[in-house]
Amino acid sequence: MIAYCTRRLVSTVFVLIIVSTITFFLSHSLPGDPASLWVGDHPTKEQLETAKNKLGFDRPLIEQYVSFLQNVITLDLGVSLRTRQPVLTELGRRFSATFELVFFSMLLALSFGFFLGLKTAIASNTRPDQIIRGVGYLGLSFPVFWLGMILQLLFFGILQWLPLQGRHSGFSTLDIDLSINSGLFLFDTLASGEWELFCDGLTHIFLPMMTLAFGVFGLILRTTRSAMMETMSEPFFKTYLAYGFEPAEAIQRSAYKNTLVPVSTVSGLSFGLMLGGTFLVESIFDWPGLGQFSVLSILTNDFPAIMGVTLFYTLTYVIINFFIDLLYPMIDPRIGR
């Protein structure tokens with residue numbers, strides 16, 4: 001088990017180095033001058049030269065890269081050229097919003113996808129199975145930006161049941177003292193007993209949560225159903241049936257465990273991809289998370305912010321998959337051997 005963890009940890013560090021290197025040199029090859037964002041509109045030549053010298057952009061690229069790696073080791077990601085705030089501070093401020101959205105989206109997709117995947121495997125080729133699989137295919141087929149706008153049009157424009165965008169109705173402008181301030185709005189308001197704020201947060205997160213969850217739901221559904229169908233063809237499952245167990249009983253007692261490894265893999269990959277793929281959803285719903293910050297950073301060529309966001313997404317992704325790798329031997333001890 002120790003050797004298994006060591007191999008995964010080494011591969012994690014290797015991935016971080018490769019991604020940071022590629023992103024660094026690609027970012028420097030993009031057209032535009034990041035120093036102009038620092039000095040503002042209509043800068044003079046002297047102002048640009050001063051900004052380049054202050055930010056270190058006048059040094060050779062290799063020296064900048066070495067300095068970048070040294071700063072990353074000390075958790076210094078620089079200062080955003082657009083907001084003039086430390087990049088690490090900006091990431092920490094916005095991560096909670098993105099994590100909250102992705103967590104509830106993943107929880108919703110996993111709960112329904114896994115349960116319905118098992119059910120459709122039992123009722124294979126029946127009408128309910130065809131309907132549920134059809135819904136799953138739709139989730140995989142719809143572009144996320146199109147689905148988000150359709151949900152806005154339906155639930156806000158036509159039915160007027162849910163708010164259009166934002167994380168809440170502007171309660172942050174009021175002087176409300178929450179007993180817990182972790183940055184997770186739903187958790188903080190629930191723990192503080194602010195039921196009105198909690199319900200307001202639920203109404204705001206519902207549409208972006210459904211948008212993100214719908215596509216992942218189809219992926220988990222298909223993975224669970226496929227793994228379960230394969231398990232039901234195994235001799236041990238047929239032995240259960242020969243002893244008089246119903247298919248649902250056999251699945252509940254043992255067979256569902258065979259689906260946990262592939263479902264865990266898909267869930268881990270999907271969670272990481274959702275964290276890094278909220279660009280369009282957060283832009284459409286004006287969600288104040290990392291995705292929206294990333295879009296603005298790319299559009300303005302905010303080099304330190306781009307590097308910080310890339311490293312943060314990569315680190316989060318590999319950490320999630322590292323823990324998924326550690327979960328495998330707990331599900332199937334043969335994997336860690």
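Of the helices (runs of 4 or more DSSP H) lying entirely inside the range 142-251, those containing at least 1 residues that are within 20 Å of the chain's Cα centre (by Cα) and of a type outside the set (S, T, N, Q) are 144-152, 185-191, 195-232.
When Arg84 is tested against (1) buried (at least 17 other Cβ atoms within 10 Å of the Cβ); (2) modelled with pLDDT under 85; (3) under 22 Å from Val295 (Cα atoms), only condition (1) is not met. If I filter the range 206-217 for residues that are buried (at least 17 other Cβ atoms within 10 Å of the Cβ), over 23 Å from Leu108 (Cα atoms) and modelled with pLDDT under 85, do I get at least one hit? No, that holds for no residue. In the range 139-149, the qualifying residues are those that are of a type in the set (A, V, I, L, M, F, W, C) and touching a Phe, Trp or Tyr at 6+ places or on another chain (Cβ under 8 Å), and the one that is nearest to Phe285 (Cα to Cα) is Leu147. If only residues of the range 90-127 that are closer than 18 Å to Gly218 by Cβ and out of contact with any helix residue (DSSP H, G or I) (no Cβ under 7 Å at 6 or more places or on another chain) are counted, the one that is surrounded by the most Cβ atoms within 10 Å (Cβ to Cβ) is Lys119. Only residues that are at pLDDT below 70, part of a helix (DSSP H, G or I) and not aliphatic (A, V, I, L, M) were counted in the range 6-51, giving 4. Residues of the range 299-317 that are at pLDDT 80 or above and not aromatic (Phe, Trp, Tyr): Pro304, Ala305, Ile306, Met307, Gly308, Val309, Thr310, Leu311, Thr314, Leu315, Thr316. For the range 61-82, a residue qualifies if it is in contact (Cβ under 8 Å) with a residue 12 or more places away in the chain and β-branched (Val, Ile, Thr), and the qualifying residues are Val72, Val79. Checking each residue in the range 200-244 for being closer than 15 Å to Val102 by Cβ and among the aromatic types (Phe, Trp, Tyr) picks out Phe206, Phe214, Phe217. Figure legend. Inter-residue proximity from the range 263-291: first residues over 19 Å from Arg167 (Cβ atoms), second residues of a type in the set (A, V, I, L, M, F, W, C) and not in a helix (DSSP H, G or I), beta-carbon distance below 8 Å, spacing 6+ or different chains. No pairs are indicated. Among the residues of the range 6-28, those that are under 20 Å from Leu77 (Cβ atoms) and either touching a His at 6+ places or on another chain (Cβ under 6 Å) or of a type in the set (S, T, N, Q) (or both) comprise Thr12, Ser20, Thr21, Thr23, Ser27. Out of Leu269, Leu296, Leu273, I need the residue that is part of a helix (DSSP H, G or I), at pLDDT 80 or above and surrounded by fewer than 19 Cβ atoms within 10 Å (Cβ to Cβ). Which one? Unique residue meeting the criteria: Leu296.
The values are calculated or read from the model by the stated rules, or taken from the named source; none is laboratory data. In this text the structure is predicted, and so the values were computed from the model without any measurement. We place every Cβ from the backbone using ideal geometry, glycine too, and count neighbours over all the protein chains shown.
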